[in-house]
There are 2 protein chains.
Amino acid sequence: MNEIAINSWAGVRAELLRRITERIWKPGETIPGEEQLAREFGCARATVNRAMRELAEAGLIERRRRAGSRVRVSPDRRAVLRIPVIRLEVEGRGLGYRHRLIEQETAMAPLAVAARLGIEPGSRLTHLRAVHLGDGRPFACEDRWLNAAAVPDFSQVDFNAISINEWLVLNAPFTEGDITLSAAAAGPREAECLGIAAGAPVFVVERTTWNRGEPITAVRLTYPPGYSMTTRL
Amino acid sequence: MNEIAINSWAGVRAELLRRITERIWKPGETIPGEEQLAREFGCARATVNRAMRELAEAGLIERRRRAGSRVRVSPDRRAVLRIPVIRLEVEGRGLGYRHRLIEQETAMAPLAVAARLGIEPGSRLTHLRAVHLGDGRPFACEDRWLNAAAVPDFSQVDFNAISINEWLVLNAPFTEGDITLSAAAAGPREAECLGIAAGAPVFVVERTTWNRGEPITAVRLTYPPGYSMTTRL
DNA sequence: AGTCATATTATGTCTGCACAAATTAACCTG
DNA sequence: CAGGTTAATTTGTGCAGACATAATATGACT
């Protein structure tokens, strides 16, 4: 057997990855234990552990105590989506960022929003609508419901100077959240906001966040046709 | 100061997270070094390192040698998308899975596909079209271009028995790939395949994969209105 | 045979130490 | 003072050893 010492966790990971992708270890098969691999590579068990932990996080192997590690049959690989502040997303595409607040009011939360946030139907929330512009053209349309009680000092903020999006990221911490991605036909208000035809296909990102169980905000971001999110595997 | 010992990396992470979300350490601020925190928590530096590494991976802090670690100003949090085999996605929703191969041919790759894969325009590739069904109703429409040379033994496979999607996951390993998510209007063939009106908004997932630089496949998956991808933050 | 307690075993984590790598701060020289 | 070299500091990683935890295998007992 090869007696070449691999003594970096990245090196071990690369070698294990090679054996998996080249089917030296087949899907479903149990692979050698940490101790054995450590002996083979001439490194410490902790090093092998680090490498295998990364492979497990990437969804390539499954690890169970006492049972050992095995190659996953369906490696449902994970793609990491980065969710930046919209201003940075716009600027990252080389466009000049501006935004415009369309509407700000206090109103009863729609049932769907109340359900997503897990609050009493009929609760009063702050409703904000805004449009984000890239080089003056609509980039995304924002429709947000905000639990003002959870973010005390926001009544004094001028949302023409800083976007709600960005202000919240900086001032309203959250501990849990979920994101839903979908496609939809643009509603009349979204179409107007984005300057497109009603019914045109839009990319929709819906995000809901809580802080230690307390609902913070539910936002629907609508992107016009042509927008796409890309990530590497 | 509190002299409570925290000696698990998860505990340290939780405490650091608390100090960040409660703005004890403000965005942009430098936080104490590993050694100092290790003394404060009464644990080893490696334990603090593990906790801080996780926070850095989650996008909450930025770490640089010699300069120390600081709280990110815009914590562009990362959401992890799991990309399973479609059969498992369908079955995970409690639906019975079936699929149907619509077309299989060898043809010249369209320019867009050749560009995505990084091959000569005009190269001949295998073109496959199929529909995935959940409880008999269209769940997703698949349009795939495959570099048959990279997957030698596929001509003998009966894609009515196993879906191309699943067969490739099991038999065509890849080392790199990218995914693009977008919304589009259903084209005529997609509309027919999904049983919806042409022009209806569809959710599009485009995936391209390579194996050590060699192009493997480019696939466009189209999901009918109502489909959504959800992930926790 | 079936059931429950116990031993075994692979992974998970912590510790204390050491050195490597990266980057900034300090210093020295012209 | 400018510019470049050197030192100091912080994170990154490796190692050996130990114990913790989870899950399976074994064996005793009914």
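How many of the residues in the stretch B:1-39 are more than 14 Å from every other protein chain (Cβ to nearest Cβ) and surrounded by 18 or more Cβ atoms within 10 Å (Cβ to Cβ)?
The number of residues fulfilling the criteria is 6.
If the requirement is being aromatic (F, W, Y), closer than 30 Å to A:A218 by Cα and more than 7 Å from chain A (Cβ to nearest Cβ), which of these qualifies: B:Y223, B:Y227?
From the options B:Y223, B:Y227, the qualifying one is B:Y223.
So, in the stretch A:40-59, exactly how many residues are in a loop (DSSP other than H, G, I, E, B) and buried (at least 16 other Cβ atoms within 10 Å of the Cβ)?
2
Collect the residues in the stretch B:60-91 that are part of a loop (DSSP other than H, G, I, E, B), within 11 Å of chain A (Cβ to nearest Cβ) and farther than 15 Å from B:F139 by Cα, keeping them in residue-number order.
Selection gives B:L60, B:R72, B:V73, B:S74, B:P75, B:D76, B:R77, B:I83.
From A:A130, A:A183, A:A148, A:A140, grab the single residue that is small (G, A, S) and surrounded by fewer than 21 Cβ atoms within 10 Å (Cβ to Cβ).
A:A148
If I ask for residues that are touching a strand residue (DSSP E or B) at 6+ places or on another chain (Cβ under 7 Å) and β-branched (V, I, T), which ones from the stretch B:195-221 would you list?
Matches in the stretch B:195-221: B:V202, B:V204, B:V205, B:T208, B:T209, B:I216, B:T217, B:V219.
Out of all the residues in the stretch A:60-78, which are buried (at least 16 other Cβ atoms within 10 Å of the Cβ) and near DNA strand C (Cβ under 10 Å from one of its atoms)?
A:I61, A:E62, A:S69, A:R70
Tell me the residue from B:H127, B:H132 that is assigned by TED's automatic domain parsing to the domain that holds B:R100, in a strand (DSSP E or B) and more than 25 Å from A:L181 (Cβ to Cβ), please.
Selected residue: B:H127, the only one of B:H127, B:H132 that is assigned by TED's automatic domain parsing to the domain that holds B:R100, in a strand (DSSP E or B) and more than 25 Å from A:L181 (Cβ to Cβ).
How do the pairs read when you match residues in the stretch B:44-68 that are of a type in the set (D, E, K, R) with residues anywhere that are more than 9 Å from DNA strand C (Cβ to nearest atom), using Cβ under 6 Å and keeping only pairs 6 or more apart or on different chains?
Hits for this filter: B:R45/B:E34; B:R45/B:E35; B:E54/B:R13; B:E62/B:R70; B:E62/B:R72; B:R63/B:A56; B:R63/B:S69.
For the stretch B:48-61, indicate whether the set of residues that are within 17 Å of B:A5 (Cα to Cα), more than 25 Å from the chain's Cα centre (by Cα) and within 8 Å of DNA strand D (Cβ to nearest atom) is non-empty.
Yes.
How many residues does the stretch A:92-129 contain that are within 14 Å of chain B (Cβ to nearest Cβ) and in contact with a strand residue (DSSP E or B) (Cβ under 7 Å, 6 or more places away or on another chain)?
Result for the stretch A:92-129: 2.
Quick grid of which residues meet (1) free of Cβ contacts under 8 Å to residues at least 60 places away in the same chain; (2) closer than 11 Å to A:P215 by Cα; (3) within 22 Å of the chain's Cα centre (by Cα):
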residue	(1), (2), (3)
A:P138	no, no, no
A:E142	no, no, yes
A:F159	yes, no, no
A:E166	no, no, yes
A:E176	yes, yes, yes
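Residues that are under 26 Å from B:R77 (Cβ atoms), within 13 Å of DNA strand C (Cβ to nearest atom), in contact (Cβ under 8 Å) with a residue 40 or more places away in the chain and not small (G, A, S): does the stretch A:79-87 have at least one?
The answer is no, given that none of the residues of the stretch A:79-87 is under 26 Å from B:R77 (Cβ atoms), within 13 Å of DNA strand C (Cβ to nearest atom), in contact (Cβ under 8 Å) with a residue 40 or more places away in the chain and not small (G, A, S).
Considering only the stretch B:108-123, state which residues are in contact with a helix residue (DSSP H, G or I) (Cβ under 9 Å, 6 or more places away or on another chain) and either exposed (fewer than 13 other Cβ atoms within 10 Å of the Cβ) or among the acidic types (D, E) (or both).
Once the filter is applied, which keeps residues that are in contact with a helix residue (DSSP H, G or I) (Cβ under 9 Å, 6 or more places away or on another chain) and either exposed (fewer than 13 other Cβ atoms within 10 Å of the Cβ) or among the acidic types (D, E) (or both), the stretch B:108-123 yields B:E120, B:P121, B:G122.
Restricted to the stretch A:200-215, and to residues that are more than 18 Å from A:A130 (Cα to Cα) and more than 8 Å from chain B (Cβ to nearest Cβ), which residue is surrounded by the most Cβ atoms within 10 Å (Cβ to Cβ)?
A:P215
The values are calculated or read from the model by the stated rules, or taken from the named source; none is laboratory data. Note that this is a predicted model, so its numbers are computed, not measured. Glycine gets a Cβ as well: all are built from the backbone with ideal geometry, and neighbour counts include every protein chain shown.
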